[in-house]
Every structure is written in C-alpha cells, then in structure tokens.
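For reference, the structure discussed in these notes is given below.
The values are calculated or read from the model by the stated rules, or taken from the named source; none is laboratory data. Note that the structure is a prediction, hence the values are computed from the model and not measured. Counting neighbours? That spans all protein chains shown, and the Cβs are built from the backbone with ideal geometry, glycine included.
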Amino acid sequence: MMSALNSNDLQHKSEIDPYGFKHGDDFDYATYDEFMSQYLGVLARRASKWNQLLDGISRLKKSRKVKRYVRKGIPNELRGQVWMCVSKADKLMEENPGLYQRLLSEPLDPDAQSEIDTDLHRTFPENIYFGNDSPNGKRSSLRNVLTAFAQHNPDIGYCQGMNYVVAMMLIVVKDEEKSFFLFEQLTKRILVGYYSRDLKGLKVDQEVLGELVRLKEPAVSTHMEKEQVPWSIPTTKWFVCLYLDVLPIETTLRVWDCLFYEGSKIIFRVALSLVLQNAEAILNSASFPQIVEAFKHFASPQKHIDCHNFMQKVFQDSQPLKMATITKLREEFNKKI
C-alpha cells in the first residue's frame, strides 16, 4: 500500500496517509494505527491473490470470483490497472489513439477554462500532490484532464465536484490520459447525468434514494418529509464527490472498486447503509438544521476507518437491492423531474 507514495516524500509517515493526504489535528491516530497494523497484512495477502488472478491475462472477465475479489478490495498497486480494465476505459483508450493529445491542442472556451483554473487551487490543498508547494505536483495534470474533458463534452463542460474525482483518479492511476478515459467511462456509462448542466441524473438518483429509504426505514422517510428536508441537501456531496471527504480515503476507494466493477448500485448501497446505521440520530434531530448537522457527523472522514467492516455492513444493510428496482424507480422519477 505504501507504493502509492515514494518513501522519500514522507518526512513524518504518521502525519500523511499513503495517498498524500495530511491528517487533521483531530485525527484519531490510535484507531488508525491499530487498523493499519492489521490491514497491511491483509493487503499483502490480497495482492498475492490478485497477482495470481491477473497473471497471463490481458482482460478480466466478469465472474463471481472477480466480484468477490473486488468487494474485498483491490491492492493499491493494482488498483489503477483493474479500474481501467473492469470499467472498459482501457478499451475506450485503445479505440481512440491520439484523442487526448488532440483535445489538449485545441483552445477551450475561456469561461470554462476560467472555472477550471479557479477550482484548481481549491482541490485537496492538504494533499502533498496538490498543495501550492508540492514538488511532485499533479495540479497541471488535473488542469489538463479537466480541460480535455470539457473540450470533448461541450454539452457538459465543467462543474464543481469533477475536480475532486479526477484528482483522486490521478493519485491512483498516475496517468493523465488513462484518468481522462476513466472519467469518460464514469460520466458516460456509470453515473449518467450526474455532471450534466441540469444535473438531472443526480436529481433522479437522489429521489430514488429517498424512495429506497422509505421502503427500508419508513420512519426516517416520514421524519425527513415532516421537517421538509429534501434528500438533495445531505446527499449532493455524497453522490457528486463519490464519498470523497465523506468517508476515509481507503474506505472511499473500496467503494470506488465496486463502483467501477458493479456500477452505480454501490452509490445507493453506501447511502442506504449510512442512513440505516444512523437512523436513530436522524429521528432524534428535531428540526431541519439539526438533521443536516446529524448527517455531517455520521458521515465524516474521521469515522469508518475500518474499511473491511464498513463494506461488510454496506452489503448487509442494503440487501436485497436489485438493479431492476433502481432502474424502475429511475424511470418513474425521470418522468417527474
């Protein structure tokens, strides 16, 4: 796991995580160190199994075994390769040689470029790869990927939230062009409409989540309606940033492992699990502001450090959840929005 960082980049290993993020002043080092002492051994065993699985093959085929492996976590040194493969971003890249370079050679609309440039300095300023004084900076790469995407998708352009997702891809995948095609697959095949100008796909899925909560935990749904709290208020950051700055980084990446392999269902599974685990806190919140504040507390980077336990809970809490149910609900809400 430490391969995500060069050992020379770390002056104080305990202050910076394996992805370059500096821990906050309130970080629970004891819990983190205790978990990591066990998790590094797990990662080593997972890496051995993944290497055996990938040995001698050029493309992963979907199977129960691969699904099980993905749900148990992809070792970071293989994560970029597996994401590209299971999302078919590598195939898209092979089919479009030279596209990324051509897009970068064309001038982008000045307004779109200005929006991108404004958000560059706001993107993970606490990360050693994106901070102002970063010697191994990825900020120019982030600018390039966002610019190429906006150029290739003028109907979408750029919207806030893209910067965080692409930045995390660059940290994991470590390649501009690959990150571009991975983000293309994410926006075109996996989370359609999340980053469109009207955000319709996002709005529809937030309504779908509300209905899933009503079916799973009707008391929470009734309370949210009574206090007039739309699901868009607590969940926009969850869905747009794909749980970045909501869950710990390693836990978030475990979610992303499933996202690229299984598709958008994992977004609902995680949201449902967070709501169900914290139903009492929501019900005990007596007003709109209190409910919003409760959501901030039960989904934060300080909690759910044990990504193994969290992912097990996610799949337990959301059972049964069929894609057919999500598709049907999407069709219903798509007509209303």
Practice prompt. Determine whether the range 238-260 contains at least one residue that is in a helix (DSSP H, G or I) and more than 30 Å from D28 (Cβ to Cβ).
Written response: no
Discussion item. Considering only the range 161-178, I want to know if a residue exists there that is in a loop (DSSP other than H, G, I, E, B), more than 20 Å from Y194 (Cβ to Cβ) and either more than 19 Å from the chain's Cα centre (by Cα) or not hydrophobic (A, V, I, L, M, F, W, C) (or both).
Written reply: yes
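Within the range 261-286, how many residues are within 30 Å of M169 (Cβ to Cβ) and part of a helix (DSSP H, G or I)? Even if it seems obvious, please write down each step before you answer.
So in the range 261-286, the residues within 30 Å of M169 (Cβ to Cβ) come out as 261-278.
Checking the rest, the ones that are also part of a helix (DSSP H, G or I) come to 261-262, 265-277.
Residues meeting the conditions: 15.
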Practice prompt. Take the residues in the range 18-64 that are part of a helix (DSSP H, G or I) and among the acidic types (D, E), then tell me which one is nearest to F130 (Cα to Cα).
Written response: D33
Fill in: Index of the failed condition, V220 passing every other in (1) β-branched (V, I, T); (2) modelled with pLDDT under 95; (3) over 22 Å from the mean Cα position of the chain (by Cα)
(2)
Practice prompt. Six or more apart or on different chains, Cβ under 7 Å: which pairs go from a residue in the range 248-262 that's farther than 19 Å from N127 by Cα to one that's polar (S, T, N, Q)? Could you list them?
Written response: F260/S87
Discussion item. Please determine whether any residue of the range 66-76 is within 20 Å of K174 (Cβ to Cβ), modelled with pLDDT under 95, part of a helix (DSSP H, G or I) and under 18 Å from the mean Cα position of the chain (by Cα).
Written reply: yes
Practice prompt. Looking only at the range 28-43, count how many residues are within 24 Å of P125 (Cα to Cα) and buried (at least 17 other Cβ atoms within 10 Å of the Cβ).
Written response: 1
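Report, by residue number, each residue of the range 67-118 that is more than 18 Å from W50 (Cβ to Cβ), among the small types (G, A, S) and touching a helix residue (DSSP H, G or I) at 6+ places or on another chain (Cβ under 7 Å).
A89, A112, listed by residue number.
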Practice prompt. Restrict the check to the range 129-137 and report whether at least one residue is farther than 29 Å from I326 by Cα and crowded, with 20+ Cβ neighbours inside 10 Å.
Written response: yes
Worksheet, complete the sentence: Going through the range 287-315 in order, the residues found to be over 30 Å from H23 (Cα atoms) and either part of a helix (DSSP H, G or I) or modelled with pLDDT under 95 (or both) are F288
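Can you say whether D90 is under 17 Å from F260 (Cβ atoms), surrounded by 12 or more Cβ atoms within 10 Å (Cβ to Cβ) and acidic (D, E), as far as the supplied structure shows? Please lay out each step first, then the result.
Details: under 17 Å from F260 (Cβ atoms): yes; surrounded by 12 or more Cβ atoms within 10 Å (Cβ to Cβ): yes; acidic (D, E): yes.
Considered against the rule, which asks whether it is under 17 Å from F260 (Cβ atoms), surrounded by 12 or more Cβ atoms within 10 Å (Cβ to Cβ) and acidic (D, E), D90 comes out as yes.
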Discussion item. Need the failing condition index for K328 against (1) surrounded by fewer than 18 Cβ atoms within 10 Å (Cβ to Cβ); (2) in a loop (DSSP other than H, G, I, E, B), just the number.
Written reply: (2)
Discussion item. Of the conditions (1) part of a helix (DSSP H, G or I); (2) at pLDDT 90 or above, N8 satisfies every one except a single condition; which number is it?
Written reply: (2)
Fill in: Single unsatisfied condition, H297 versus (1) surrounded by 16 or more Cβ atoms within 10 Å (Cβ to Cβ); (2) under 30 Å from Q38 (Cα atoms); (3) more than 18 Å from the chain's Cα centre (by Cα)
(1)
Worksheet item: Can you name the condition, by its number, that Q206 falls short on among (1) in contact (Cβ under 8 Å) with a residue 40 or more places away in the chain; (2) touching a Ser or Thr at 6+ places or on another chain (Cβ under 6 Å)?
Response: (1)
